[in-house]
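Below you'll find the structure, written out as structure tokens, and then a few comments.
What follows draws every value from the coordinates through simple rules; no lab data is involved. Not measured: the values here are computed from a predicted model. In this analysis, Cβ positions are derived from the backbone assuming ideal geometry, glycine residues included, and neighbour counts consider all displayed protein chains.
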There are 2 protein chains.
Amino acid sequence: MSYIYSNIIGSFLIDDELNITKEELFKSLDDYKNKEKFEKKLAKKSPKAKRLNKKQLTKVLVHFKEKKYFNEYYKRNLEITKKAIRKAVNVDNLILQTISNVNDLDKTSNVLVKRLRDWYNLTFPELDKAIGDHEKYAELVATKTKKELLKDLGIKEEDSMGAKLEKQDQDEIKLLAVEAYSLYKLRKAHEVYLKKLMEKHCPNLLEICGVTIGAKLFEHAKTLRHLALLPSSTIQLLGAEKALFRHIKTGAPPPKYGVIFTHPLVQRAWRKDQGRVARSLASKISIAVRVDFFKGEFIGDKLKKELETKFRRK
Amino acid sequence: MSYIYSNIIGSFLIDDELNITKEELFKSLDDYKNKEKFEKKLAKKSPKAKRLNKKQLTKVLVHFKEKKYFNEYYKRNLEITKKAIRKAVNVDNLILQTISNVNDLDKTSNVLVKRLRDWYNLTFPELDKAIGDHEKYAELVATKTKKELLKDLGIKEEDSMGAKLEKQDQDEIKLLAVEAYSLYKLRKAHEVYLKKLMEKHCPNLLEICGVTIGAKLFEHAKTLRHLALLPSSTIQLLGAEKALFRHIKTGAPPPKYGVIFTHPLVQRAWRKDQGRVARSLASKISIAVRVDFFKGEFIGDKLKKELETKFRRK
């Protein structure tokens, strides 16, 4: 009785006492893919060779702890693992990283602009009140001088309540403004990139939800696969976990929508209809994501139109 | 009987029934500084004129609510306030803002580099382990290609566990790296600026403590004036408030030092001496800050030498 057994380093002929009698070592992992070829070679020599059963296998594996095989065994395994890790990176990861980074940039640029406002207020408190938008504020301080800004606001220089700072002090503030502003610019670049990724990876989801909501759904589900597997009722409530658990725990009214609440269709609906719209929207999203996951056709525009027709305001 | 009274809009002659009979209006706030000149003019006409007492004053002030005076009164007051606000900005504010901003930059650059590491790990996980320093990491990713970095680390491209990303994906990561790295550069620029400010504003404190500890003391005290008014025992414990209150509340051992713990002199001392060194250091800091506040001579080098001689390790 003899057996044939193959692993990543070669094909082996094994005798009754479970010792290796013949071996055909692979030169590289590519050979492993064609292991049948090597097994045939061995089978010619003992045509009645069988496969090992589980119990025998564990005994045979002990041979590969020997020095003769172990190094090669270890190396090949490492190679396989590396390949697997390399392959594990997919568009999901890229999208997720980009979304997280956009969130991080939001936070950090907010911190820096608040500091900028505080600092620039020493010399120009009027600008703080005049410009509410953080990004605009950073842009103005980064690109214009105080004189120009005073002129734009129609304030005479002697009327400003700000202190006169020396040039080097102003320069320092400007450096911060430039930095903060470029964080905003980076955020925009990331958004364009994110949209491109989504256009390729999940065009239907993008069409129905837009970048912002699509990204948020993605963030909750982590992968497109997971998002595609979720029931539409879960998609409807993604992002409303707190309210959902409050409902379960205390019997408070259940939430009607999660992150999709900011979708234009839900926003445009009458208050009493919003739950109904959210439910329909979630079901269409669910369809879209599944089509995306299985690389189906582009039906986003059709789905969107159906929703819009259904909920057109009379 | 008649009275003379001046305020920011003019000098007035006032009769028995507390009505204004004569006025010398000021043309600008500068005249208010020379109000004696105007009062003399009025005094010529009624040499026996007295000052108003408090009770009469409140009655006279009612006149200035009239349209005739009010506009001018309001305008001048606003002008004075603005001037006061403008003057209230001093080097203390600039130093404090810069310190806070350096802290903010530390936080934000940390957030961004962590995200950068996470993201770049998809394509180059080996670099994360090889480079522990956040700033260095950002610099490398910002300035070098993956190929160059692989070569520097002595890793063959096919051995890397990272996925191969397309150029546009890599570019996006690089944008983030450039941004994060420039936050570090901004932090350095701010530190140079901070040192310059302190050299002018508190050279003695700077000499004894260096920028970092000096800035931290400043942060706790908010102004140089306040820091100069603090007893040296408080300076010794600035930054150890938590331990101090724990001591007061629970009777735990009292803290021996606050932010000055990181001072080289304290660090270099034997553990049992550190409290003693901190006490001496705090007293010298206290002297230095007071000299700084009253714009005295530069004695920082002398004070520092005294400390170093006293605590030289035998």
Of A:LYS35/A:LYS83; A:LYS164/B:LYS216; A:LYS164/B:LYS188; B:LYS284/B:LYS305; A:LYS83/B:LYS156, which pairs sit farther than 21 Å apart, going by alpha carbon to alpha carbon?
A:LYS164/B:LYS216; A:LYS164/B:LYS188
Cα centroid of segment A:7-58 to Cα centroid of segment B:44-86, whole Å:
109 Å
List B:HIS190, A:HIS63 from most exposed to least, where exposure is judged by having the fewest other Cβ atoms within 10 Å.
A:HIS63, B:HIS190
Looking at the square roots a ≥ b ≥ c of the eigenvalues of the Cα gyration tensor of segment A:28-145, which shape do they give, rounded for a/c under 1.5, prolate if a/b is larger than b/c, or oblate?
prolate
Cα centre as origin, Lys/Arg/Asp/Glu Cβ charges: the protein assembly as shown dipole, Debye
1520 debye
Where does the longest stretch of chain B lie that holds no GluC sites (Glu not before Pro) found in a DSSP loop with 14 or fewer other Cβ atoms within 10 Å?
B:167-296
Can you give the FRET efficiency for A:ARG51 and B:LYS114, using 1/(1 + (r/R0)^6), R0 = 60 Å, r = Cβ-Cβ distance, to the nearest 0.05?
0.75
In nm, one decimal, shortest first: how far is the label point of A:THR81 (7 Å from Cα along Cα to beta carbon) from the matching points in the other copies?
7.1
In degrees, nearest 10, the alpha-carbon axis of helix A:35-45 is tilted away from the dominant principal axis of the alpha carbons of chain A by 10 degrees
Toy charge model, Lys and Arg Cβ at +1, Asp and Glu Cβ at -1: segment B:188-314 dipole around Cα centroid in debye, rounded to 20, equals 460 debye
What is the average number of partner chain Cβ atoms found within 10 Å of a Cβ in A:20-32?
0
Please enumerate, by chain and number, the lysines with C-alpha under 26 Å from the C-alpha of B:LYS40, excluding those fewer than 8 residues away in the same chain.
B:LYS22, B:LYS27, B:LYS48, B:LYS50, B:LYS54, B:LYS55, B:LYS59, B:LYS65, B:LYS68, B:LYS75
Taking the rotation axis that maps chain A onto chain B, which residue of A brings its Cβ closest to that axis, and at what distance in whole Å?
A:THR108, 2
Computed, not fitted: 222 nm per-residue ellipticity of chain B from DSSP H runs ≥ 4 (each -39500 (n - 2.57)), nearest 500, equal to -21500 deg cm²/dmol
Select from B:ASN77, A:ASN7, A:THR58 the residue farthest towards the positive end of the dipole of the protein assembly as shown; place +1 on Cβ of Lys and Arg, -1 on Cβ of Asp and Glu, and compute about the Cα centre.
A:THR58
At most 15 other Cβ within 10 Å, DSSP loop - trypsin sites (Lys or Arg not before Pro), segment B:1-89:
B:LYS27, B:LYS48
For a quick check of your reading of the filter: which trypsin sites (Lys or Arg not before Pro) in segment B:136-166 sit in a DSSP loop and have no more than 10 other Cβ atoms within 10 Å?
B:LYS156
Taking Cα atoms, how many degrees apart are the long axis of helix A:134-143 and the longest axis of chain A, rounded to 10 and kept between 0 and 90?
80 degrees
If you put a point 7 Å past Cα along the Cβ direction, how far is that point for B:LYS40 from the same point in each other copy, in nm, smallest first?
12.4
Roughly how crowded by other chains is peptide A:120-128, in terms of the mean Cβ count from those chains within 10 Å of each of its Cβ atoms?
2
Determine, for B:ILE95, A:ILE20, the number of other Cβ atoms within 10 Å of each Cβ, and report the residues in order from fewest to most.
A:ILE20, B:ILE95
Nearest 0.05, what FRET efficiency do B:LYS147 and A:LYS242 give at R0 = 51 Å with Cβ-Cβ as r?
0.60
Which is farthest toward the positive dipole end of the protein assembly as shown among B:LEU194, A:GLN97, A:GLN236, measuring Cα position about the Cα centre, with Cβ charges +1 (Lys, Arg) and -1 (Asp, Glu)?
A:GLN236
Position B:ASP301, label points 7 Å along Cα→Cβ, spacing to each other copy in nm (shortest first, one decimal):
7.9
